[in-house]
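The values are calculated or read from the model by the stated rules, or taken from the named source; none is laboratory data. This one's a predicted model, so the numbers in the text were calculated from it and none came from an experiment. Every residue, glycine as well, gets a Cβ built from its backbone with ideal geometry; the counts of neighbours run over all protein chains shown.
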Amino acid sequence: MSTQPIPDNSPSMLPTMIIPQITKIEAITVNLPFVTPFSISSYTWTCKEALLIKISAGELSGWGECVADPDPFYSPETTVSCHHIIKEFILPVLKPGMDFPEFEKEMKHIRGNMMAKAAVENALLDLIAKIEGVPLYKMFGFEPKKIMSGISIGIKGSIDELLTAVQDAIDKKYHRVKMKIKKGKDIEWVEAVRNSYPTLQLMVDANGDYAIEDAKHLAKLDKYGLTMIEQPLSYSDIYFHSKLQKSIETPLCLDESIHSLEDAITAVELGSCRIVNIKEGRVGGMAEAVRIAEYCHKNGIPVWSGGMDETGIGRAFNIHLQTAPAFTIPGDTSETKLYFKEDIVTPPVTLDQDGYISIPEGSGIGVKVEEDMVKKFEMKREEMV
Ligand code: OSB
Ligand code: MG
């Protein structure tokens, strides 16, 4: 299958942006405890360690949050590998007066490392939007809207615990529930949720726990009316997902395997998925995320915004991204308090009575980074420029 390309200069607003005179760049590693441990098929996290990038131009600062974990259990990138790539390779290409396409072109010269790139690119975009005095979504030419909410429920110790978490999510009016699955905690667990909630918009995420040999087993999920199965096969696979999608009715969705527009085109042309999870922090930043969204939209593939249980900084980028018209499915955008008792930004993300999230007001990402809270959770700070 061949698909429709997107225009070369997309997203159309970005070419006019110029990199400002930068006075300081800081890399700050923070560690925030989670309210409850979060388990996926490959690992359990009890806290969020994140590398923050703060780029200042005089009084104004832009912030980026690197979505890499301290470990390589979701993606090969780690907070330390990103710190290294940012310091040694990404920051040296930043030149004041450079326009944004030039910056992106220079970044392409550095292979992979999309989480490291996203942290810097997003901080720059936040800074430029703040200099211009506009909200980030507006700089991309998007209209404000209420953002749909979604919850990602980690693997629990028992089916009863899972059902309690699902009931909580329904009470709070989340628009969609995602449950993590792995081998041995799958069919029976999905059946229990489906039997209790016949009309719930429900999906599962396996984080790569299965192999193509499990195709028949995974097809047992077809009878539960799931919106999608996210990343059933290996974190790096696109090809075997295309075989699996042919043998299963439920739409597949790719997460870990998509790092760029090229990956998305490969997946869509091969028929590896019918839905794409876009994490701006996994694909090199907001601009590539918008390009993937536009491409998928043009080719009839719905997209949604994934999350990496980010602090309020990354969460704000995910919210702005979802103003792009391509985002028609609720994402993993949930309330701050689901993850953190205290966060490093204000205001926190909350749901209104219909389960919607509002875009934080103000220029750039809209939220205010509370420096005293950053200091409270800080493990390491380095002035890179
Ligand atoms: O696969 O989407 C995933 C969290 C950490 C690593 C991988 C994933 C997740 C989530 C949580 O599902 C999404 C969120 O609430 O931010
Ligand atoms: Mg996922």
Could you please give the count of residues in segment 246-291 that are away from ligand 1 (no atom under 16 Å from the Cβ) and of a type in the set (Val, Ile, Thr)?
6
Taking the criterion of being among the polar types (S, T, N, Q), in contact (Cβ under 8 Å) with a residue 24 or more places away in the chain and assigned to a loop (DSSP other than H, G, I, E, B), would at least one residue in segment 330-339 satisfy it?
yes
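Could you name every one of the strands (runs of 3 or more DSSP E) located completely within segment 20-70 that has at least 2 residues being among the aliphatic types (A, V, I, L, M)? Before you say what the answer is, go through the steps one by one.
Numbers: elements: 24-40, 43-57, 60-66.
Strands (runs of 3 or more DSSP E) meeting the threshold: 24-40, 43-57.
Looking at segment 110-154 only, could you name the residues that are aliphatic (A, V, I, L, M) and within 19 Å of Asp332 (Cα to Cα)?
Selection gives Met115, Ala118, Ile147, Met148, Ile151, Ile153.
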Do we have Gly312 as under 15 Å from the mean Cα position of the chain (by Cα), modelled with pLDDT of 95 or more, away from ligand 2 (no atom under 16 Å from the Cβ) and not assigned by TED's automatic domain parsing to the domain that holds Gly112 here?
yes
Any residue in segment 177-184 that is over 25 Å from the mean Cα position of the chain (by Cα), part of a helix (DSSP H, G or I) and over 26 Å from Lys337 (Cβ atoms)?
no
Scan of segment 156-203 for residues that are hydroxyl-bearing (Ser, Thr, Tyr), loosely packed, with under 15 Cβ neighbours inside 10 Å and in contact with a Leu (Cβ under 8 Å, 6 or more places away or on another chain), ordered by number:
Ser196
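Residues that are within 26 Å of Lys117 (Cα to Cα) and either in contact with a Cys (Cβ under 6 Å, 6 or more places away or on another chain) or assigned by TED's automatic domain parsing to the domain that holds Met179 (or both): does segment 209-227 have at least one? If you could, list the steps in order and put the result at the bottom.
Looking only at segment 209-227, we keep the residues that are within 26 Å of Lys117 (Cα to Cα), and these are none.
No, the conditions are met nowhere in segment 209-227.
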If only one of Glu161, Glu191 is out of contact with any helix residue (DSSP H, G or I) (no Cβ under 6 Å at 6 or more places or on another chain) and free of Cβ contacts under 8 Å to residues at least 12 places away in the same chain, which one is it?
Glu161
Could you grab the pairs with beta carbons closer than 9 Å, sequence gap of 6+ or different chains, first residue in segment 36-62 and free of Cβ contacts under 8 Å to residues at least 60 places away in the same chain, second one acidic (Asp, Glu) and within 12 Å of ligand 1 (Cβ to nearest atom)?
Tyr43/Asp69; Tyr43/Asp71
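Let's see how each residue does on (1) basic (Lys, Arg); (2) closer than 22 Å to Ile313 by Cα:
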site: Thr16; (1), (2): no, no
site: Lys24; (1), (2): yes, yes
site: Asn31; (1), (2): no, yes
site: Leu52; (1), (2): no, yes
site: Trp63; (1), (2): no, yes
site: Glu77; (1), (2): no, yes
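Quick grid of which residues meet (1) in contact (Cβ under 8 Å) with a residue 60 or more places away in the chain; (2) more than 18 Å from Val177 (Cα to Cα); (3) touching a Leu at 6+ places or on another chain (Cβ under 6 Å); (4) part of a loop (DSSP other than H, G, I, E, B):
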{"position": "Arg282", "(1), (2), (3), (4)": "yes, yes, no, yes"}
{"position": "Cys296", "(1), (2), (3), (4)": "no, yes, no, no"}
{"position": "Gly300", "(1), (2), (3), (4)": "no, yes, no, yes"}
{"position": "Gly314", "(1), (2), (3), (4)": "yes, yes, no, no"}
{"position": "His320", "(1), (2), (3), (4)": "yes, yes, yes, no"}
{"position": "Ala324", "(1), (2), (3), (4)": "yes, yes, no, yes"}
{"position": "Leu351", "(1), (2), (3), (4)": "yes, no, no, yes"}
